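Nothing in this text is a laboratory measurement; each read-out follows from the coordinates by a stated rule. As the structure is a computational prediction, the values presented were derived from the model and not from experiment. Here Cβ is always computed from backbone atoms with ideal geometry, including for glycine, and neighbour counts include all displayed protein chains.
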Amino acid sequence: MSDKTAIVVLSDPEGGEEALGRVFNALAAAHDFRRADHEVAVVFQGAGTRWAERLLDPAHPAHSLYESVSESVVGASSACADAFGARASVEASGLALITTNELPGTSGLPSLAGYVRDGYTVLTF
């Protein structure tokens, strides 16, 4: 088993309780793997790019958990932020816009193949 874990958050914060459960479980997994001394990379992709600014709100139920793993949050998909209207909120949150998968016609996405090549186990939520 790898001691590196990439956690990709795809859930849309506008998706209700299930979406909240998914982001909460993604962040809980990041916390768990960090405590087990894994290298962890949390990435927001797809509609998940909409979480960036919301999780910074101290009143959000997952805010404290997000803060506890914030050092492992590497950023959000640039192309997905564009597609889901989240670029401004991602930029306002201070997260990096990830472009390592240069996909024609887009501003780029995270390269999941790159994470696998670098020895990460990839989990999606």
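Using Cα pairs closer than 8 Å and at least 6 residues apart in sequence, work out the relative contact order for the chain, in percent.
On the way: 236 pairs, mean separation 38.9, N = 125.
Relative contact order, the chain: 31 percent.
Using the Cβ of LEU56 as centre and a radius below 14 Å, the other residues enclosed give a net charge of -2, where K and R count +1 and D and E count -1.
Among DSSP bridges having both ends in the chain, what percentage is antiparallel? Round to the nearest 5. Antiparallel: roughly 5 percent of the beta bridges in the chain.
Build a GNM of the chain with springs between Cα atoms under 10 Å apart, and of GLY108, GLY75, GLY48 the one that fluctuates most is GLY108. Of the labelled figures [x] 14.3; [y] 15.0; [z] 16.6, only one reflects Kirkwood radius over Cα pairs in Å as derived from the coordinates, namely [x].
The local environment of SER68, defined by Cβ-Cβ distances under 12 Å, has a net charge of -1 under the rule Lys, Arg +1 and Asp, Glu -1. Here the spin labels are modelled as points 7 Å beyond Cα on the Cα-Cβ line, and at GLU71 and ALA113 they lie 3.3 nm apart.
Judged by the mean number of other Cβ atoms found within 10 Å, the most tightly packed of the peptides 29-36, 111-118 leads the ranking 29-36, 111-118. The 3J(HN,Hα) values that the Karplus relation (6.51, -1.76, 1.60; θ = phi - 60°) gives for the range 11-23 are, in residue order, 5, 8, x, 8, x, x, 4, 4, 5, 4, x, 5, 5 Hz. Gly and Pro appear as x. Between the listed residues GLN45, GLY119, SER93, the Cα displaced farthest toward the positive end of the dipole of the chain, a dipole computed from Cβ unit charges relative to the Cα centre, is found at GLY119.
Suppose every Lys and Arg Cβ carries +1 and every Asp and Glu Cβ carries -1, with no other charges. What dipole size does the chain come out with about its Cα centre, to the nearest 20 debye? Around 140 debye, computed over the chain.
With Kirkwood's inverse mean 1/r over C-alpha pairs for Rh, give me the Rg to Rh ratio of the range 54-101, two decimals please. Provide the component values of the computation, followed by the final result.
Numbers: Rg = 11.4 Å, Rh = 11.4 Å.
Radius of gyration over Kirkwood radius for the range 54-101 works out to 0.99.
Rounded to the nearest 500, the 222 nm mean residue ellipticity of the chain from helices alone is -10500 deg cm²/dmol, with -39,500 (n - 2.57) taken per DSSP H run of at least 4 residues. Packing order of peptides 84-96, 12-24, highest average first: 84-96, 12-24 (average count of other Cβ atoms within 10 Å over each peptide's residues).
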